[in-house]
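Below you'll find the structure, written out as structure tokens, and then a few comments.
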Amino acid sequence: MAKLEEFITADFDTLLYRIESGIMGGSISATLEDKSDFVTADARCSVRVFERYSYLGQNRVSMSVTLFKAANSDTVALSAITSGGSQAVFFKINTFGEEAFLNKLKELL
């Protein structure tokens, strides 16, 4: 598992579009598995779950991306967590695919 947490000064919609289009366009096997959006008077939250095939790891990896913005804030909180890249039963080995997936997101930021 790999994780990234950051506060980003950006327009929420622009950032969400950049992440969705960048992840989907960055790999021929990338898919948007599901999404969820919440909006209240005080906050906004969007969750995206992506999946792709890792050629290096010979397996599929997923990445959940959550964006959160309070109504009175100029920053967007981002949390991204990857999973599924290990091939072992009891220990995590060969997590190259998870790191590579997260690195693609870092490039987009």
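Taking all protein chains as present, what is the carbon and sulfur share of the accessible area of the chain, in % to the nearest whole number, probe 1.4 Å? Each step should come with its number before you reach the end.
Details: 3600 of 6400 Å².
Carbon and sulfur together cover 56 percent of it.
Regarding the chain, what is the average projected area of its C-alpha convex hull, in nm²? The partial results should precede the final answer.
On the way: hull surface 27.2 nm².
So the Cα hull casts an average projection of 6.8 nm².
Cβ under 11 Å from SER29's Cβ, SER29 left aside: what net charge do those residues give with Lys, Arg +1 and Asp, Glu -1? Spell out each step's value before the answer.
Details: positive: ARG52, ARG60; negative: GLU51.
With Lys, Arg at +1 and Asp, Glu at -1, the neighbours total +1.
Against the longest alpha carbon principal axis of the chain, how many degrees, from 0 to 90 and to the nearest 10, is the axis of helix 96-108 turned?
For helix 96-108, the angle is close to 30 degrees.
Which ³J(HN,Hα) values in Hz, rounded to whole numbers, follow from the phi angles of segment 28-36 under the Karplus curve 6.51 cos²θ - 1.76 cosθ + 1.60, where θ = phi - 60° and Gly and Pro get x?
Working through the residues one at a time gives 5, 9, 6, 9, 8, 6, 6, 8, 8 Hz.
Most mobile of ALA41, ALA71, ALA30 per a Gaussian network model of the chain (Cα springs, under 10 Å)?
Ranking ALA41, ALA71, ALA30 by mean-square fluctuation puts ALA41 first.
Arrange the peptides 46-54, 74-82, 7-15 so that the one whose residues have, on average, the most other Cβ atoms within 10 Å appears first.
Details: 46-54: 19.4, 74-82: 17.4, 7-15: 13.2.
Result, highest mean first: 46-54, 74-82, 7-15.
The values are calculated or read from the model by the stated rules, or taken from the named source; none is laboratory data. Being a predicted model, the structure only gives us computed values, none of them experimental. A quick note on method: Cβ atoms are made from the backbone with ideal geometry, for glycine too, and the neighbour counts reach across all protein chains shown. Each accessible area value is taken on the protein alone, full model and side chains, heavy atoms only, with ligands, DNA and RNA left out. Shrake-Rupley method; radii C 1.70, N 1.55, O 1.52, S 1.80 Å.
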